[in-house]
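Remarks on the structure that follows.
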Amino acid sequence: MNERFSASGLMNPFFPDEVSFGDKGVTFKVRKLFKSNDNFVFYTDISGVEIESGIFFSTIRIIPRMRPEIIINNFTKGDAKKVKQLILDKVQA
């Protein structure tokens, strides 16, 4: 399973956040103007996924075990729901 989701280009057209699914875990790329953070989390290390929805876009909050939470912004509501469902399917498997 090698799916990839990118945040909307409307809010941050040059540096959108990304979520990439692999066989063993998920990579979260949080981009800023002069830096980016790549966080890889094994599916077994994820204890929860939360979505905070606004009018147009959603924020996805990943809660790993023994690490600070990872926050990725500006995803469409549909993509946020897909990301959450894919993570939960892998965590429960």
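The values are calculated or read from the model by the stated rules, or taken from the named source; none is laboratory data. These numbers come from a predicted model, not from an experiment. Quick reminder, even Gly has a Cβ in these numbers, built from the backbone with ideal geometry, and neighbours come from all protein chains shown.
Observations, loosely collected:
- Here the stretch 29-61 is the region considered, the condition is being in a strand (DSSP E or B) and charged (D, E, K, R), and the residue that is nearest to Phe14 (Cα to Cα) is Arg31.
- Qualifying residue in the stretch 62-72 (condition: under 20 Å from Phe15 (Cα atoms), surrounded by fewer than 17 Cβ atoms within 10 Å (Cβ to Cβ) and without any contact (Cβ under 8 Å) to a residue 60 or more places away in the chain): yes
- Candidates Val19, Val91, filtered to the one that is touching a residue at least 60 places away in the same chain (Cβ under 8 Å), closer than 21 Å to Asn2 by Cβ and not small (Gly, Ala, Ser): Val19
- Scanning the stretch 70-93 turns up at least one residue that is at pLDDT below 90 and of a type in the set (Gly, Ala, Ser).
Condition check ((1) surrounded by 12 or more Cβ atoms within 10 Å (Cβ to Cβ); (2) at negative phi; (3) in contact with a helix residue (DSSP H, G or I) (Cβ under 9 Å, 6 or more places away or on another chain); (4) at pLDDT below 95) across all residues:
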residue: Phe5; (1), (2), (3), (4): yes, yes, yes, yes
residue: Gly9; (1), (2), (3), (4): no, yes, no, yes
residue: Pro16; (1), (2), (3), (4): yes, yes, no, yes
residue: Asp23; (1), (2), (3), (4): no, yes, no, yes
residue: Lys29; (1), (2), (3), (4): yes, yes, no, yes
residue: Phe34; (1), (2), (3), (4): no, yes, no, yes
residue: Ile51; (1), (2), (3), (4): yes, yes, yes, no
